[in-house]
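Written out below as C-alpha cells is the structure these notes cover.
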Amino acid sequence: MDQFLQALASGLLLGGFYAVMVLGFSIIWGVMGVINLAHGEFRMIGAYAAWALFRAFGLDPFASLVIILPVMFVVGYALQTILLNRVVERPHLMALLVTFGVSISLANLYKVIYSADPRSVPVSYNGSFELFGVTMPIVKTIIFFLALLIMGLLHTFLHHTRLGKSIRAAAQNKDAARIVGIEIHKVYAITAGICIALTAGAGAMLSPTQAIFPFMGPPFTLKAFTITALGGLGRIPGALLGGLLLGVTELMVATYVPGIGTNLGVAVSFVLLVVILIVRPQGLLGGLRPMEVE
Amino acid sequence: MSTLTQAARPSLLRRWGGLLLWLLLLALLAIYPYTGVTGSALFTATQVFVLVTLASNWNLIGGMTGYVDFGHAVFFGLGAYSMGILVTRVPLAFSPELSFWQALPLAGLVAALFALIIGLPTLRLKGPYFSIAMLGTFVAMREIIRILRPITGGGTGLDLPPVLNRVNEYYFMLGLMGLVVALIWWIRRSEFGYTLIAIREDEIGAEMRGINTTMHKIIAFMIAAFFTGIVGAFWAWQNTYIDPDVVFIEQRTVEMVMMSMLGGLGTVWGPPLGAVVIYFLQDVVWGNLLNFHLMALGILLILLVLFLPEGILGSLGDPSSTSLGRLLRRAGRRQE
C-alpha cells in the first residue's frame with residue numbers, strides 16, 4: 001500500500017510537470033495547426049540556460065525564469081515570423097518538416113557549444129520531505145504548484161484579456177478573425193512567443209532534477225504528443241489531465257513491472273501513444289482537432 | 001503535382017529510356033572495381049548505394065503514397081538486429097550459425113512482417129498522425145531493443161563475425177540498388193503505382209471508386225520495409241557491430257526524407273539523384289566542418305521546404321510550382 005501511495009504521489013508530481021511542459025506544444029498545435037517537432041529542443045534550451053546562469057552567477061533555476069521567459073518569448077516570436085508564418089497555411093507536412101529541421105539543427109548546435117556531456121544543476125534544496133509516510137522531492141513539489149499557478153494565469157489570460165480572446169478567435173476561425181480585423185500572423189507570433197517561453201521555462205524548472213544533454217529533446221516531444229492526444233488539443237484542463245495520466249502510468253509501470261527499471265516507463269508512454277492514436281485518434285476527451293482553445 | 005501525371009501515350013523511348021539508362025549506368029558501375037581503385041573508394045561507393053536504396057524505398061511510401069514516415073529507420077534497425085541475432089545467437093542443427101545468405105531474406109521478412117503488424121492500425125491514420133505514430137514506434141523500438149538484453153545484448157550491442165570483403169559488398173549493394181530502383185520504376189508505371197498516387201492525391205475519391213486503399217497502402221509499406229530491412233541486415237554485416245544507438249539513429253530517417261525531397265517526392269529518379277547530391281554535400285561539409293554536419297543538414301531541410309518543395313526533378317518539370325522556379329522565371333522575364 002505504501003508502495004502504491006508512493007508511486008501515485010510521484011506520478012502526480014511528474015504529471016504536474018508534464019502538464020506545464022505540454023502547454024506550449026498543445027496551444028501552438030491548437031491555435032495554428034502546427035505540430036512543433038522542435039518542442040523538446042526548446043525545453044532543452046531552457047534547461048541549458050538555467051544551467052549556464054547557475055554556473056556563471058549562481059542564479060537559482062526558479063529565479064532565472066525572470067530572464068529566460070522574456071528572452072525565449074523573443075526567440076519564439078522571431079521563429080514564427082521568420083520561419084513558421086511562411087508554412088503555416090501550406091499543407092501540414094511542410095510545417096512538420098520545417099520544425100523537424102529546426103529540431104535537428106538546435107540539438108546539434110547545442111552539442112557543438114556544450115558538448116554531449118550531461119550537465120546538472122545541483123541546487124541546495126534538492127532533497128525531499130516526508131508527508132503521511134510518502135517521500136516528496138522538494139523541487140518536484142515546487143514545480144507541481146508552480147505548474148498549477150501558471151495554468152491558472154494562462155487560463156485567465158486567454159479568457160479575460162483582449163489579446164487572449166483574439167488568440168482564441170484565430171484558433172476557432174481564421175478567416176472570420178481576419179474579417180474582424182485581427183492580424184493573424186501577428187497573433188500567431190505572439191502565441192508562439194508565449195508557448196516557446198513556457199516550454200523553455202518548464203525546461204529551466206526541471207533542470208535541478210534531471211541530467212541536461214543536447215539530445216534530451218525528442219522523447220519529450222513525443223511525450224508532449226502523447227499527452228495532447230490523451231487530453232485534447234489546446235485545452236488547459238486537458239493538458240493537466242493528460243499529464244497526470246501519463247505521469248501516474250509511467251510510475252506505476254516502473255514500480256510494478258519487475259526487473260526492467262525505469263526505461264520501460266519511457267517506452268510505455270510511446271506504446272500508449274501509438275495505442276491511443278489507433279483506438280481514439282480524436283483523443284480521449286475528443287478534442288484532437290485544430291479547433292478551439294478553451 | 002501536375003508533373004506526375006504525364007501524357008497518356010508517351011513515345012517508346014520515353015517509356016523505356018529511363019530503364020535503359022539505368023541499366024547502362026549499372027553496367028558501367030559493375031566495371032568500376034576493375035579500374036584499380038582502392039578498397040576505401042569501393043566502400044564509399046557502397047555507402048552511396050545504401051543511401052540510394054534507402055531513399056528509393058522511403059519514396060515508395062512517403063513520396064508515392066503520401067504517407068510521410070518519420071520512423072522508417074525502424075525497419076533498418078529491425079533488419080540489422082535480425083541479422084545480428086540470427087548470425088550470432090541461433091544454433092541450428094545443420095550449421096552452428098546461420099550464414100549471411102540464410103539470414104538476409106529472414107531479416108527482410110521480419111521487417112515486412114512488422115510493417116504489416118504496425119501498418120494495419122497506423123496506415124488508417126491521416127497526415128501528421130501517421131508520421132508521429134511512426135516516430136513513436138521508432139523511439140519505442142529502440143527502448144525495447146535496449147531492454148531485451150538477453151536476446152539483443154542491450155546497450156552493449158552485438159558483435160558479428162568480421163568478414164571484410166569490399167568487392168563482394170560493393171557488388172551486393174550494386175545489385176540490390178539496381179533491383180530496388182528498377183522495381184520502383186516498374187511500380188511507378190504499373191496500375192499499382194497509379195493507385196498509390198491516387199491515394200496520395202485523393203484517398204476518399206480513390207475509395208469511392210472501389211479501390212481497396214488499405215490493402216494497397218499496406219503492400220507498398222511492406223515492400224518498402226522489406227528492402228529497408230535487407231539494407232539494415234547488410235549494414236550490420238558490413239559494420240560487424242550493432243547497438244541500439246548506432247542502428248536506431250534519427251539521422252537515418254532524416255536522410256531518407258531529405259534525399260527524396262531534394263530529388264523530388266514521388267518521382268523514380270529523384271531520390272537516387274537526391275541521395276548522390278546529399279552524400280557529396282555531406283562529404284564536403286563533413287570534411288570541413290565536422291561538428292556542424294548534422295546542423296547543416298537540418299538547415300538544408302528547412303531551406304528545401306521553403307524554396308524547393310517539389311525537389312530538383314519536380315522543379316525541372318514545372319518551374320512555376322516552386323518559389324525558386326518562379327523567382328528564376330521572373331528574373332528571366334525582367335531581362336527580356
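Some notes on this structure:
- Positions within the stretch B:19-74 being more than 13 Å from the chain's Cα centre (by Cα), open to solvent by less than 40 Å² (accessible area, probe 1.4 Å) and closer than 16 Å to B:F172 by Cα, in sequence order: B:L26, B:A30, B:P33, B:G39, B:A41, B:L42, B:A45, B:T46
- Of the residues making up the stretch A:36-79, those that are assigned to a loop (DSSP other than H, G, I, E, B) and surrounded by 23 or more Cβ atoms within 10 Å (Cβ to Cβ) number 5.
- Residue list for the stretch A:50-66, restricted to those being in contact with a helix residue (DSSP H, G or I) (Cβ under 7 Å, 6 or more places away or on another chain) and within 12 Å of A:A197 (Cα to Cα): A:L65
- Residue satisfying all of: in the stretch B:127-176; basic (K, R) and in contact (Cβ under 8 Å) with a residue 12 or more places away in the chain; least open to solvent (accessible area, probe 1.4 Å) among these: B:R142
- The single residue among B:I197, B:I219 that is in contact (Cβ under 8 Å) with a residue 60 or more places away in the chain and either over 13 Å from the mean Cα position of the chain (by Cα) or surrounded by fewer than 20 Cβ atoms within 10 Å (Cβ to Cβ) (or both) turns out to be B:I197.
- Within the stretch A:85-112, the set of residues being outside any loop (DSSP other than H, G, I, E, B) and more than 10 Å from chain B (Cβ to nearest Cβ) comprises just one member, A:N85.
- Residue match in the stretch B:177-186 (condition: open to solvent by 40 Å² or more (accessible area, probe 1.4 Å) and over 18 Å from B:H72 (Cβ atoms)): yes
- Within the stretch B:290-319, considering residues that are more than 8 Å from chain A (Cβ to nearest Cβ) and not in a helix (DSSP H, G or I), the one modelled with the lowest pLDDT: B:D318
The values are calculated or read from the model by the stated rules, or taken from the named source; none is laboratory data. Predicted model, so just to flag it, every value in this text is computed and none were measured. So basically every Cβ, Gly included, is an ideal-geometry build from the backbone, and we count neighbours across all protein chains shown. The protein model used for the area step is the full one, side chains on, heavy atoms only, and it has no ligands, DNA or RNA in it. Shrake-Rupley method; radii C 1.70, N 1.55, O 1.52, S 1.80 Å.
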